[in-house]
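Note sheet for the following structure.
Just so it is clear, none of the values below were taken in a lab; they were calculated from the coordinates. Since this is a predicted model, take the numbers as computed values, not measurements. Methodologically, a virtual Cβ is constructed for each residue, glycine included, from the backbone with ideal geometry; neighbour enumeration extends over all protein chains shown.
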Amino acid sequence: MSESEEDRPLRVRLRSDCPCGTGLSYNDCCRDFHTGKAQPKTAEQLMRSRYSAFFFRLPDYLVSTQHPDTREPSLRKELDAMLPTIMWRSLKILSSSKGGPEDKKGKVEFTAEYHEDGELQEMYEHSRFRRLRGMWKYVDGKG
């Protein structure tokens, strides 16, 4: 039985290194977070899974992992406009504080490289995360 044209990119994605930089395959890293089969246990796991969601252009995941206190009503519309214009290249975690399995808050400092309009850019952020009903949520980049 031959592989369909639709299935081939998914199979390649599942076996490829996860874009979040853990060194694990996407299947063994962020996929279960993106499909809702698992929840990140730490703020850093959520940060990495959100980066992978930007990489794979998964706006539903990005909206659902944004804390409702800081989620703008226009977020989905903004993501739909922005996601196709940026090609993410790499993520580097610089530091993290708190954000462990027993914490209620956490911070993750990172840089991410991306291409926009043909130019290589670098984003720096010190993200803040907070638990909501036991699940980690992204608050903002004002840490």
Scope the range 63-74; condition without any contact (Cβ under 8 Å) to a residue 40 or more places away in the chain and either over 21 Å from LEU91 (Cβ atoms) or buried (at least 20 other Cβ atoms within 10 Å of the Cβ) (or both); matching residues: ARG71, GLU72, PRO73, SER74
Pairing a residue in the range 84-100 that is in contact (Cβ under 8 Å) with a residue 12 or more places away in the chain and surrounded by 12 or more Cβ atoms within 10 Å (Cβ to Cβ) with any residue that is assigned to a strand (DSSP E or B) and of a type in the set (D, E, K, R), where Cβ atoms lie under 6 Å and the two sit 6 or more apart in sequence or on different chains, gives ILE86/GLU116; ARG89/GLU113; SER90/GLU113; LYS98/LYS105
Restricted to the range 101-124 and to residues being buried (at least 17 other Cβ atoms within 10 Å of the Cβ) and among the small types (Gly, Ala, Ser), the residue farthest from PHE55 (Cα to Cα) is GLY106
Where residues in the range 32-62 are in a loop (DSSP other than H, G, I, E, B) and either small (Gly, Ala, Ser) or in contact (Cβ under 8 Å) with a residue 60 or more places away in the chain (or both), which of them is farthest from GLU109 (Cα to Cα)? GLY36
Identify the single condition in (1) under 20 Å from ASP17 (Cβ atoms); (2) within 12 Å of the chain's Cα centre (by Cα) that SER64 does not satisfy, given that it satisfies every other one. (1)
Residues of the range 22-39 being over 11 Å from the mean Cα position of the chain (by Cα) and either closer than 16 Å to GLY141 by Cβ or buried (at least 19 other Cβ atoms within 10 Å of the Cβ) (or both), in sequence order, are TYR26, CYS29
Name, by its number, the condition in (1) within 15 Å of PRO19 (Cα to Cα); (2) part of a strand (DSSP E or B) that does not hold for SER97. (1)
Give the residue, chosen from ARG89, ARG57, that is of a type in the set (D, E, K, R) and under 22 Å from GLY36 (Cα atoms). ARG57
Please specify each residue of the range 110-124 satisfying the condition of being part of a strand (DSSP E or B) and farther than 17 Å from PRO40 by Cβ. THR111, ALA112, GLU113, TYR114, HIS115, GLU116, GLU119, LEU120, GLN121, GLU122, MET123, TYR124
